[in-house]
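The structure under discussion appears below in the form of structure tokens.
Every read-out reported here was derived from the displayed coordinates using simple, explicitly stated rules and does not represent laboratory data. Since the model is a prediction, treat every value here as computed from it, not as a measurement. FYI the Cβ positions are ideal-geometry reconstructions off the backbone, even for glycines, and counts take in every protein chain you see.
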Amino acid sequence: MVTTQEGAEFDVVVIGGGPGGYATALYGASAGLKIAVVEKDKVGGTCLHRGCVPAKEFLETASVLRTVAGAKEFGVQADQPAVDFSVSQGRKQKVVDQLHKGLAGLMKSRGVTTFAGTGTLLGAGRVQVDGPEGTAETIGHHVVIASGSVPRTISGFDVDGELVLTSDEVLSLEELPASVVVIGGGAIGCEFASMFCDLGSQVTVLEALPTLLPGCDEDVVRVVGRSFRKRGIAIHTGTSVHGHSPNGSGTTVSFGDGESVSVDAVVVSVGRRPLTDGLLADGTGVAVTERGFVSVDPYMRTAAQNVWAVGDVVDTPQLAHVGFAEGIVAVKTMLGEPAVPVDYSRVPWCIYCHPEVAFAGLTEATARQAGLDVVVKQDPFGGNSRARILGDTDGLVKVVAEREHDGRAGRILGVHMVGPWVTEQLGQGYMAVNWEATPEELGQFLQPHPSLSEAFGETVLALTGRGLHVSS
Ligand SMILES: Cc1cc2nc3c(=O)[nH]c(=O)nc-3n(C[C@H](O)[C@H](O)[C@H](O)COP(=O)(O)OP(=O)(O)OC[C@H]3O[C@@H](n4cnc5c(N)ncnc54)[C@H](O)[C@@H]3O)c2cc1C
């Protein structure tokens, strides 16, 4: 048994140093709180080491390859490009390592104490840390659970890191499989399908639900599906996967009504489960839902006094920036400051497949299902000068507004984008939805020309009833 620093007691002990945990720590430290973070692996969590950052880094590799392959169209002579995946893997790791170093240094410079080890909440502010130096106990007036999530798996597909992979293994591959089945056509599944396809693998996507990207607007999904099929990705939706039989060099996956496909690797991308294994000692008073999530109120308070939970371990959208926002709400509330709970129906969603997808707020279908009368306009990127210049015109911007009594478009309910760099364009759409801005208000703002963001400006102008390029 070792003890923590002599007499170390903290205002807040955070279990888990991923986005939810480190945002809580950095925001709390900025507010003058004395913070400890217990992390069993590396600060940065899934997002930095096995998620957002490495996945987007490989998608950027795919984008560079596409650009070079299309260079001739611009009169730029380039040999047929090829990928040396060991270099790509090395670059990805360098980006991750630099960011990890920066984050660890930032936490240190803010006075956050990091304990290496696995944290267990014992109760009333007491956290046990099992680490390389033995077992210690650290005390915090408040404890924040930010232990995150791990990939879900499905029966019949035991993850071995060679034939069957989850996102954890995909992002450390040393060689690209020549052919791959992606089970799950959600955000992460579509990013992997797009990346593997662009890097030269033969890709099949199997999705149980009727469409790719469940939850996205159907016009957006149509664009993604069309682009995927054009690039040779085989898509089977509304299909169930039965199992797989290794066949020497690869495996044969059976699905649907007697169908099968033989591939080099299977990527299981069916969501993530909250990680609470061994986290809570008996009698902490923290409640956990049937699906294993830590239960919280809108201010991130668990059922136990002074115990909070944020990020993927609670049943809210599993996004890094949602964890950031929840950490801020928790810290403000523990400080007794007024906090605005996260409005989960209006958070920004970005999917970095090609073409990219970005949205906030209600889809046309969910708005109608909610009984709202809506006015909808969309502007395809085909008519946008910057998209033409880029040679990347697949996509559209769609805005859903509530219909006023006089028939005009009122508050904006949802903004949905698919196409070039839309993940960088969502900002003003996200603001519009959350500010409940109207097209009349937004139509007064200028968009630079030529820019991709003109598509958003054109769409809101059309909603005022007087469009320039988009008819009203
Ligand atoms: C392939 C992929 C791509 C993604 N892309 C995006 C994206 O583009 N944008 C986006 O917003 N989100 C994305 N996500 C989701 C994002 O990574 C998660 O929402 C985010 O990492 C959740 O943050 P968290 O802090 O709750 O948990 P995590 O990031 O999972 O961090 C939890 C941390 O807690 C530690 N831990 C767990 N239990 C203990 C314990 N008992 N003691 C000590 N330490 C513990 C873990 O080691 C880990 O470091 C992606 C995820 C994946 C898998």
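Just add up the charged neighbours of F359: K/R +1, D/E -1, any other residue whose Cβ is under 13 Å from the Cβ of F359.
Taking every Cβ under 13 Å from that of F359, the sum is -3.
Taking the beta-carbon count within 10 Å as an exposure proxy, list D373, D130 from fewest neighbours to most.
D373, D130
What are the ³J(HN,Hα) values, in whole Hz, obtained from phi via the Karplus relation 6.51 cos²θ - 1.76 cosθ + 1.60 with θ = phi - 60°, for each residue of the stretch 349-360 in sequence order, with x given for Gly and Pro?
3J(HN,Hα) across the stretch 349-360, in whole Hz: 10, 10, 10, 9, 6, 10, x, 5, 10, 8, 7, 8.
For each of R346, R226, count neighbouring Cβ atoms within 10 Å of the residue's Cβ, then give the residues from fewest to most.
Ordered from fewest to most neighbouring Cβ atoms within 10 Å, R346, R226 come out as R226, R346.
For the modelled label position 7 Å from the Cα of E60 along Cα-to-Cβ, which residues of the stretch 369-392 have backbone nitrogen atoms closer than 15 Å?
Hits in the stretch 369-392 for E60 at 15 Å: none.
Between A116 and Q93, what length comes free when the chain is fully extended (0.36 nm per residue of separation minus the Cα-Cα distance, one decimal in nm)?
6.1 nm
Add +1 for every Lys or Arg and -1 for every Asp or Glu among the other residues with Cβ under 14 Å from the Cβ of P274, and state the total.
Net charge in that neighbourhood comes out at -1.
Which entries in the list K40/K94; K56/K332; K72/K94; K56/K230; K332/K398 go over 27 Å, if you measure between the two C-alpha atoms of each?
Distance filter (> 27 Å) returns K56/K332; K72/K94; K332/K398.
Can you run phi through the Karplus equation (6.51, -1.76, 1.60; θ = phi - 60°) for the stretch 47-61 and list ³J(HN,Hα) in whole Hz, with x for Gly and Pro?
Using θ = phi - 60°, the values come out as 3, 7, 9, 9, x, 3, 5, x, 5, 5, 5, 5, 5, 5, 4 Hz.
Let me have the 222 nm mean residue ellipticity of the chain computed from DSSP H runs of 4+ only, each contributing -39500 (n - 2.57), with the sum over all residues rounded to the nearest 500.
Result for the chain: -9000 deg cm²/dmol, rounded to the nearest 500.
Would you calculate the separation in nanometres between label points at K40 and D84, each defined as 7 Å from the Cα along the Cα-to-beta-carbon direction?
Going by the 7 Å Cα→Cβ label model, 3.9 nm.
What's the local net charge at K34, with K and R +1, D and E -1, over the other residues with C-beta under 13 Å away?
Residues near K34 contribute -1 overall.
When a/c is below 1.5 the answer is rounded, else prolate if a/b is larger than b/c, else oblate, so apply that to the chain with a ≥ b ≥ c taken from the square roots of the Cα gyration tensor eigenvalues.
Oblate, since a/c reaches 1.5 and b/c is not below a/b.
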